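Here the structure comes first, spelled out in structure tokens, and everything after it is commentary.
The values are calculated or read from the model by the stated rules, or taken from the named source; none is laboratory data. Values in this document were obtained by computation on a predicted structure and should not be read as measured data. Positions of Cβ are generated from backbone atoms using ideal geometry, with glycine treated the same way; all protein chains shown enter the neighbour counts.
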Amino acid sequence: MKISGWGRYPVIDSDIIHYHSEDSLFKSIDKHEPIIAHGFGRSYGDSALSESILKMRPAKRMLQFDQVSGRLTCEGGVLLSEILKTFLPRGWFLKVSPGTKFVTVGGAIASDVHGKNHHQTGAFSESVSEFSLMLPNGSVKTCSRSENKELFHATCGGMGLTGIILKATIKLQKVQSSTISQQVIKTASLRETFQAFEKFSDEPYSVAWMDCTATGDSLGRGLLNVGHFNDVGDFNYKPPGNFEVPIAFPSFLINNGSIKLFNQFYYNKNFKKVSNSKVSVDSFFYPLDKLKNWNRLYGQKGPLQYQFVLPKENSFEGIKEILTYLQRNNVYSPLGVLKLFGKQNKNLLSFPMEGYTLALDFKVDDKILSLLNDLDKKITEWGGRIYLAKDSRMSEEVFDSGYPKADKFRSIREHYGMNELFNSLQSKRLNL
Amino acid sequence: MNDRWLLILGANSDIAVETAHQFAKNSWNLLLASRDISNLNKVASDIEIKHQVRVKTFEFDASDFKSHNSFYENLPYKPDGVILAFGYLGDQQRAQKNFGEAKKTLDTNFTGAVSILEIIAEDFTERKTGFIVGISSVAGERGRQENYIYGSSKAGFSAYLSGLRQRLYKVDIHVMTVKPGFVRTKMTLNRDLPGMITADPKDVGIAIYKGILKKRNIIYVYPVWRLIMFIVKSIPETIFRRLDI
Ligand SMILES: Cc1cc2nc3c(=O)[nH]c(=O)nc-3n(C[C@H](O)[C@H](O)[C@H](O)COP(=O)(O)OP(=O)(O)OC[C@H]3O[C@@H](n4cnc5c(N)ncnc54)[C@H](O)[C@@H]3O)c2cc1C
Ligand SMILES: NC(=O)c1ccc[n+]([C@@H]2O[C@H](COP(=O)([O-])OP(=O)(O)OC[C@H]3O[C@@H](n4cnc5c(N)ncnc54)[C@H](OP(=O)(O)O)[C@@H]3O)[C@@H](O)[C@H]2O)c1
């Protein structure tokens, strides 16, 4: 079957295996063909693509919930949206959630995803108490910070390359309502944007949308969005329906002119310097989920996301250089999203490190692909790294320089024979 | 809290699982019965957590006829409704050469169903309460070379349900026949099904729940199947026998 990631590039022809049960899983795998676990296909690049793909979505059952501690044990294919639907009405929310709720628990662990609260709470693995991992010999190991530690830290952020996450126990967080008190701060420059992040760092959630088309003194201006759950209120939760983008949009609709217009409009639609409002979980955390298949807006090839992080001390200069470089080459990202990360964790390949991360969207063409190679170099020089969950193109050298524990990861893969069975296009490209 | 219990036979079927969720969402407690108890327990915990109802699981084998009496007698609660979902598609080619395969198909879809439903019909009649849902198939409406062993077992089952409906109508017990058409489940995983007329198990679950509320006799999940089967049934046998459908 033809399959691709969320970025719709590359497209490959794969054998699809559907998870049925833990007992039959190992038997159902052809051990002679590289295989990789596949959650909900929300990673943009080629991390969930291989000759053979194991669809984990049928593993979608919740197995246990402790109402006192908020610990939930569920299978690896459970969607975060299903957790919200079940538990938000009872006063529980995810400790860490990415910008879409349509990802599986397995995918969230494998990419060690981050949310708007990384600066305070860390990555998704912070909420993970333990998980069961099927190794290449078919044995199943329980992994936690005390049991099979090495496997735990290799698997969180390990992009499915250590085995199959069958089930996991994650800790939910108690909330006092299902609404968020949100503030939007309008900033006039990159300096102001950074200052606003620092100033509001007590707020648990923060993210900035950046106008990548603004130049000169306005370079890096944007809207910083911060918020926290309201202390009082009800737990009403009705997930909104979503609109479907029916076909691949004619991609010429996304061009420099429309990008500039959209960004100016978006920036100017907020008049006030600071505005307050009370918003729902879905509109605060998952604005993009309102449009199902919005990736089709970018046309046949889909959006190419490019997300990197730079160490804090280099973030300002680095981001300024990168934005200026793109503009000088007349390339604009329709959407620029900036976040502040807190301390790095112990996982071998987790993306977040202390500093600022910027995510940019592009329409794919040859020019952009060659420009991104230049950006890779700059990011390497600034001591940063690129996010694997969004990547389908970085080179082994760029990867190795960004992820100093790559060799440790490789030796674990070799030790368990993981490299002989679990492989994705990404792992082959990066020689993992 | 609600005290209604629904019994689902073959509760590991994908259609059964989604149907169970629909009833649990509407406060029904569940008695789930199937062969693979380890999977069934996962289905049960998922429903308990999501819908906060009571769910119990039981081992049940449709083709082990002898066990049916004691299975039903030992249930901790007498059900207020039953859904029979188990089914075996079998392999037509194999069934032609090997009677064991044909027998397994018939034993599961027809004989097993008759065996357990007669016991339940007796109890419902006595208690003057309950409804019975049987998941049959459009494949039972006309035998085709591609799957006539399965088809004839479902034809028998549909005829059985229709007779049972007449019998139980007098005691106000509702019997509903479900003919789902194509459904995307583990039964049909490796088959290429036409997207437009293929339902998701959840669609079937919703249709069954609604059908019970409305006391329908026979439901097709997608109405277009009624038309398709009307046409298939209208073709004269002399022509039909030459066709390759
Ligand atoms: C609109 C949008 C917004 C996003 N926002 C964010 C964000 O804010 N922060 C962030 O960190 N990410 C974000 N992402 C990326 C997304 O969270 C990750 O790519 C996530 O891993 C996708 O999960 P999935 O279930 O779709 O997995 P897939 O995309 O199917 O797979 C991703 C990786 O996980 C592995 N995997 C999946 N399931 C298993 C399993 N059971 N066992 C072992 N390995 C497994 C795969 O092998 C693959 O390497 C966003 C993506 C989109 C489309
Ligand atoms: N899928 C379709 O396109 C389609 C179309 C028309 C009709 N149907 C009918 O719909 C019903 C459900 O089908 P489905 O697609 O949901 O199938 P499914 O997911 O393959 O499930 C079938 C279930 O039947 C159970 N079963 C089989 N033999 C059994 C036995 N001897 N005793 C007890 N349980 C037994 C199995 O339970 P265990 O796992 O516990 O063994 C299995 O999980 C079946 O009657 C089928 O014929 C399906």
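Of all the residues in the range B:23-42, those that are within 14 Å of B:ILE135 (Cβ to Cβ) and surrounded by fewer than 23 Cβ atoms within 10 Å (Cβ to Cβ) number 0. Of the numbered conditions (1) surrounded by fewer than 24 Cβ atoms within 10 Å (Cβ to Cβ); (2) in contact (Cβ under 8 Å) with a residue 12 or more places away in the chain; (3) among the β-branched types (Val, Ile, Thr), A:VAL105 satisfies every one except a single condition; which is it? It fails just one condition, (1). Determine, yes or no, whether B:LEU168 is away from ligand 2 (no atom under 16 Å from the Cβ) and either in contact (Cβ under 8 Å) with a residue 60 or more places away in the chain or aliphatic (A, V, I, L, M) (or both). Spelling it out, B:LEU168 is indeed away from ligand 2 (no atom under 16 Å from the Cβ) and either in contact (Cβ under 8 Å) with a residue 60 or more places away in the chain or aliphatic (A, V, I, L, M) (or both). Exactly one residue out of A:SER315, A:SER401, A:SER395 is touching a residue at least 12 places away in the same chain (Cβ under 8 Å) and either within 16 Å of ligand 2 (Cβ to nearest atom) or crowded, with 22+ Cβ neighbours inside 10 Å (or both): that is A:SER315.
What number of residues within the range A:1-26 satisfy the criterion of being surrounded by fewer than 19 Cβ atoms within 10 Å (Cβ to Cβ), hydrophobic (A, V, I, L, M, F, W, C) and in a loop (DSSP other than H, G, I, E, B)? Looking only at that region, the number is 1. For the range B:41-56, the condition of being within 14 Å of chain A (Cβ to nearest Cβ), free of Cβ contacts under 8 Å to residues at least 60 places away in the same chain and within 16 Å of ligand 1 (Cβ to nearest atom) holds for at least one residue. Return a yes/no flag: does the range B:134-143 have any residue that is of a type outside the set (A, V, I, L, M) and surrounded by fewer than 18 Cβ atoms within 10 Å (Cβ to Cβ). Yes. For the range A:2-52, the candidate set comprises residues that are within 23 Å of A:VAL364 (Cβ to Cβ), within 11 Å of ligand 1 (Cβ to nearest atom) and of a type in the set (Phe, Trp, Tyr); within that set, the residue that is modelled with the highest pLDDT is A:PHE40. Taken together, the residues in the range A:381-402 that are more than 10 Å from A:VAL309 (Cα to Cα) and in contact with a strand residue (DSSP E or B) (Cβ under 9 Å, 6 or more places away or on another chain) amount to 9. Give the residues of the range A:98-141 that are more than 8 Å from ligand 1 (Cβ to nearest atom), hydroxyl-bearing (Ser, Thr, Tyr) and in contact with a Leu (Cβ under 8 Å, 6 or more places away or on another chain), sorted by residue number. Answer for the range A:98-141, where residues must be more than 8 Å from ligand 1 (Cβ to nearest atom), hydroxyl-bearing (Ser, Thr, Tyr) and in contact with a Leu (Cβ under 8 Å, 6 or more places away or on another chain): A:SER127, A:SER132.
Which residues, taken from the range B:163-181, are crowded, with 16+ Cβ neighbours inside 10 Å and either β-branched (Val, Ile, Thr) or more than 14 Å from the chain's Cα centre (by Cα) (or both)? Please lay out each step first, then the result.
We begin by selecting, within the range B:163-181, every residue crowded, with 16+ Cβ neighbours inside 10 Å; these are B:164-165, B:168, B:173-181.
Scanning the range B:163-181 gives B:LEU164, B:ARG165, B:LEU168, B:ILE173, B:HIS174, B:VAL175, B:THR177, B:VAL178.
Scan the range A:55-66 and give yes if some residue there is out of contact with any Phe, Trp or Tyr (no Cβ under 7 Å at 6 or more places or on another chain) and more than 14 Å from chain B (Cβ to nearest Cβ), otherwise no. Checked the range A:55-66: no residue is out of contact with any Phe, Trp or Tyr (no Cβ under 7 Å at 6 or more places or on another chain) and more than 14 Å from chain B (Cβ to nearest Cβ).
Return the only residue of A:LYS101, A:LYS85, A:LYS116 being within 14 Å of chain B (Cβ to nearest Cβ) and either touching a helix residue (DSSP H, G or I) at 6+ places or on another chain (Cβ under 8 Å) or not in a strand (DSSP E or B) (or both). Residue meeting the stated conditions: A:LYS85.
Just one residue in the set A:ASP13, A:ASP46, A:ASP30 is among the acidic types (Asp, Glu), closer than 23 Å to A:LYS292 by Cβ and away from chain B (no Cβ under 14 Å); that residue is A:ASP46.
Quick check on B:ILE245: is it hydrophobic (A, V, I, L, M, F, W, C), outside any helix (DSSP H, G or I) and either surrounded by fewer than 19 Cβ atoms within 10 Å (Cβ to Cβ) or touching a Cys at 6+ places or on another chain (Cβ under 9 Å) (or both)?
It is true that B:ILE245 is hydrophobic (A, V, I, L, M, F, W, C), outside any helix (DSSP H, G or I) and either surrounded by fewer than 19 Cβ atoms within 10 Å (Cβ to Cβ) or touching a Cys at 6+ places or on another chain (Cβ under 9 Å) (or both).
Out of all the residues in the range A:56-66, is one or more of a type in the set (S, T, N, Q), surrounded by fewer than 22 Cβ atoms within 10 Å (Cβ to Cβ) and not in a helix (DSSP H, G or I)? Yes, the range A:56-66 contains at least one residue that is of a type in the set (S, T, N, Q), surrounded by fewer than 22 Cβ atoms within 10 Å (Cβ to Cβ) and not in a helix (DSSP H, G or I). Among the residues here, B:ARG144 does not qualify as within 14 Å of another protein chain (Cβ to nearest Cβ), in contact (Cβ under 8 Å) with a residue 12 or more places away in the chain and within 21 Å of B:GLY90 (Cα to Cα).
Taking the range A:151-199 on its own, how many of its residues are among the hydrophobic types (A, V, I, L, M, F, W, C), surrounded by 18 or more Cβ atoms within 10 Å (Cβ to Cβ) and assigned to a loop (DSSP other than H, G, I, E, B)?
Total meeting the criteria: 4.
So, A:ALA123, is that one surrounded by 23 or more Cβ atoms within 10 Å (Cβ to Cβ) and within 16 Å of ligand 2 (Cβ to nearest atom) or not? So that I can check it myself, show each step before the final result.
Details: surrounded by 23 or more Cβ atoms within 10 Å (Cβ to Cβ): yes; within 16 Å of ligand 2 (Cβ to nearest atom): no.
No, not satisfied.
Here B:GLY112 meets the list (1) farther than 25 Å from B:ASP244 by Cα; (2) surrounded by 21 or more Cβ atoms within 10 Å (Cβ to Cβ); (3) away from ligand 2 (no atom under 11 Å from the Cβ) almost entirely, failing just condition (3).
Let's see how each residue does on (1) within 14 Å of chain A (Cβ to nearest Cβ); (2) outside any loop (DSSP other than H, G, I, E, B); (3) away from ligand 1 (no atom under 16 Å from the Cβ):
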position	(1), (2), (3)
B:LEU168	no, yes, yes
B:ASN190	yes, no, yes
B:MET196	no, yes, yes
B:GLY211	no, yes, yes
B:LYS215	no, no, yes
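State yes or no: is A:ARG61 within 16 Å of ligand 2 (Cβ to nearest atom) and without any contact (Cβ under 8 Å) to a residue 24 or more places away in the chain? Yes; evaluated as a whole, the condition is true for this residue. What about B:ALA207, is it without any contact (Cβ under 8 Å) to a residue 24 or more places away in the chain, buried (at least 19 other Cβ atoms within 10 Å of the Cβ) and among the aliphatic types (A, V, I, L, M)? No; evaluated as a whole, the condition is false for this residue. Scanning the range A:67-81 for residues that are under 18 Å from the mean Cα position of the chain (by Cα) and either surrounded by fewer than 23 Cβ atoms within 10 Å (Cβ to Cβ) or within 11 Å of chain B (Cβ to nearest Cβ) (or both) yields A:VAL78, A:LEU79, A:SER81. Among the helices (runs of 4 or more DSSP H) confined to the range A:340-432, the ones with at least 2 residues that are within 15 Å of A:GLY158 (Cα to Cα) are located at A:396-402, A:406-416, A:425-429. Selection over the range A:200-212 of residues that are crowded, with 22+ Cβ neighbours inside 10 Å and assigned to a loop (DSSP other than H, G, I, E, B) gives a count of 2.
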